[in-house]
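Below is one structure, written out as structure tokens, with a few remarks after it.
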Amino acid sequence: MMLRRLVKADLADLRALWREGLTEFPASFLMTVEEADSIPDAALISGFESGAYWGAFAEERLVGFAVLRQGGLSRISHTADLGPFYISRAYQGQGMARALLTQILGHARKIGLTQVELCVDQENKKAQRLYQQAGFRPFGLRPRSVMLGSEPRHDVLMLCPLDDALPPDMISQLARRVLR
């Protein structure tokens, strides 16, 4: 297994892998196949050049990818959003997702981020376990965040603190205070 940032030469492989994920697991993504296909090559290449796109490779073949987008405004530049995150079905359960997530979180710490956030389908318990094992904690629910046809899907919002200023157990306590 090799983990690295994606480069321009990975563009076609990323598009094919992303399409696979969108087709096989539509509830796990916010966009449709058509929306992903309509992203201009230049936009993806710009994301590669910024270091946002990461890949997991098995025998030089792209089998997983993740996107880490740092907050662009100065007041949120300490944060990043993670997603999409996908490992090809044939490579799931082999530790590749954990390795890619660990690599990305290590990179986030290295560049000085203090938290990473994501959303995950409420029914995707396997992904939620992976994220929790990496230090993410749920802090909310986004009802009807995705509509698959007429079927509403709900997303769990999760946060991973990367410093000691916010203990992971404090996240759920803060969320509960808001709901009172």
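The values are calculated or read from the model by the stated rules, or taken from the named source; none is laboratory data. What you are looking at is a predicted structure, and each value in this text was computed from that prediction instead of being measured. Here the Cβ positions follow ideal geometry from the backbone for every residue, glycine too, while neighbour counts run over all protein chains shown. Protein only, heavy atoms only, side chains kept; ligands, DNA and RNA dropped before computing areas. Shrake-Rupley method; radii C 1.70, N 1.55, O 1.52, S 1.80 Å.
Results, tabulated for the structure shown:
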{"quantity": "Share, in percent, of DSSP beta bridges within region 48-167 that are antiparallel, nearest 5", "calculated": "90"}
{"quantity": "Tilt relative to the chain, helix 168-179 - C-alpha long axis, 0 to 90 degrees, to 10", "calculated": "70"}
{"quantity": "Anisotropy class of region 32-105 from Cα gyration tensor, a/c 1.5 cut", "calculated": "oblate"}
{"quantity": "Label corresponding to Cα extents along the principal axes in Å when calculated from the structure given, among [x] 84, 43, 26; [y] 48, 42, 34; [z] 51, 33, 30", "calculated": "[y]"}
{"quantity": "Exposure ranking of GLU151, GLU123, GLU59 by accessible area [1.4 Å probe, largest first]", "calculated": "GLU59, GLU123, GLU151"}
{"quantity": "Nearest 10 degrees, 0 to 90: helix 41-50 Cα axis against the chain principal axis", "calculated": "60"}
{"quantity": "Sequence ranges 158-166, 73-81, ranked by mean other-Cβ count within 10 angstrom, highest first", "calculated": "158-166, 73-81"}
{"quantity": "Gyration tensor verdict on region 123-180 (Cα atoms; rounded if a/c is under 1.5, prolate if a/b is larger than b/c, oblate otherwise)", "calculated": "oblate"}
{"quantity": "Solvent-accessible surface (1.4 angstrom probe) belonging to ILE87, in square angstrom, nearest 10", "calculated": "10"}
{"quantity": "Per residue accessible area in Å² of the chain, where ligands, DNA and RNA are left out and the probe is 1.4 Å", "calculated": "57"}
{"quantity": "Of all accessible heavy-atom area on region 1-92, the percent that carbon and sulfur account for (1.4 Å)", "calculated": "53"}
{"quantity": "For region 80-92, Karplus couplings with θ = phi - 60° (6.51, -1.76, 1.60), whole Hz, Gly/Pro x", "calculated": "8, 9, 9, x, x, 9, 8, 10, 3, 3, 5, 10, 6"}
